[in-house]
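The values are calculated or read from the model by the stated rules, or taken from the named source; none is laboratory data. Remember, predicted model here, so these are calculated numbers, not experimental data. Every residue, glycine as well, gets a Cβ built from its backbone with ideal geometry; the counts of neighbours run over all protein chains shown. Accessible surface areas use protein heavy atoms only, side chains included; no ligands, DNA or RNA. Shrake-Rupley method; radii C 1.70, N 1.55, O 1.52, S 1.80 Å.
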Amino acid sequence: MPEQPQPRSVHSRQAIIEATAGLIGRQGVGGTSVSDIIRTSGTSAGAIYHHFGSKQEIIVQTARQALHWPMTAIAECFDNPASPADLFGYAVEALRLGPELGELLVQLGAGGLTDDELGRALRAEFSQLRDGLDLTLDSWARNQGVPQRRVRGLAQMLVGLILGFAAQRALVDDFDEGAYEAQGRAMLTAAVAD
């Protein structure tokens, strides 16, 4: 069956989110204005405010979309979950293949630090990722016969390691990605070992 064309408003909403992601990745949250988003997305102020109530809402929706792929990947792994170290390896590889995602995550994190209300909204989005990882790690522990207590807190550690990789990659010129990945894998493996 041929794909049905999307309504124009769906295209403009997506264009706004994609433009915002690119702008934030390059300029940061504070350096991205609504007029920048309008210009880059090729939409209008009317389209912006038809879809979003504020710049903050655009940013939160951009974060939600950026986290959609990892959330989908985690959900797909639920029935046959990977080890914590392998989950970290998959995330590192995804950030290598899509460096713009890492840059966006770093800039979103920085933006959340300078604006309390935005920070709360972004933490809520990231907590969904952590909660999905908690469920996946619990499933992995059950499948492997690992006591649940050994995976408690690992989702937070995993998110921190992934965001740390993204930040180091964006900020440090001679960042040794391989060494960071090896150290992160070793830490996660040790955390669940007997």
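Things to note:
- With the simple model of a label 7 Å out from the Cα in the direction of the Cβ, Leu113 to Phe175 spans 1.4 nm.
- Point-charge dipole on Cβ atoms (K/R +1, D/E -1) for region 6-64, about Cα centre, debye to 20: 60
- For Asp115, distant residues with modelled amide H under 5 Å away: none
- For region 85-194, the Cβ-based charge dipole about the Cα centre amounts to some 560 debye (Lys, Arg positive; Asp, Glu negative; other atoms uncharged).
- Each residue of region 28-125 gets 120 Å³ once the volume of the Cα convex hull is shared out per residue.
- Shape of region 7-71, Cα gyration tensor, a/c cut at 1.5: oblate
- Within the chain: Cβ-based charge dipole about Cα centre, in debye rounded to nearest 20 (Lys, Arg +1; Asp, Glu -1): 420
- Seen through its C-alpha gyration tensor, with square-root eigenvalues sorted a ≥ b ≥ c, region 80-150 comes out oblate because a/c lies at 1.5 or above while a/b is not bigger than b/c.
- Rolling a 1.4 Å probe over the heavy atoms of the protein chains gives the chain an accessible area of 55 Å² per residue.
- Relative contact order of region 64-138, defined on C-alpha pairs under 8 angstrom at six or more residues apart (%): 52
- Integer Hz, Karplus 6.51/-1.76/1.60 couplings in order for region 158-164, x for Gly and Pro: 4, 4, x, 5, 5, 5, x
- With Cα atoms, 0 to 90° folded angle of helix 177-192 axis to the chain main axis: 50
- Carbon and sulfur %, accessible surface of region 31-129 computed with the full protein complex present, 1.4 Å: 55
- Taking the convex hull of the alpha carbon positions in the chain and averaging its projected area over all directions gives 13.0 nm².
- Length added when fully stretched, Ala45-Thr72, from 0.36 nm per residue minus Cα-Cα: 6.6 nm
- Ordering Val159, Gly119, Val192 by Cα displacement along the dipole of the chain toward the positive end leaves Gly119 in first place; charges were set at the Cβ atoms of Lys, Arg (+1) and Asp, Glu (-1).
- Modelled this way, with points 7 Å down the Cα-to-C-beta line, the labels at Gln148 and Tyr90 are 2.2 nm from one another.
- Our summary gives region 105-194 a relative contact order of 26 percent, counting only alpha carbon pairs under 8 angstrom and 6 or more residues apart.
- Taken as Cα centroids, region 81-108 and region 16-31 sit 19 Å apart, rounded to the nearest whole angstrom.
- Using only the C-alpha atoms, the convex hull of region 136-194 corresponds to 70 Å³ per residue.
- Area of Ile74 that stays accessible when all protein chains are in place (1.4 Å probe, Å², to 10): 20
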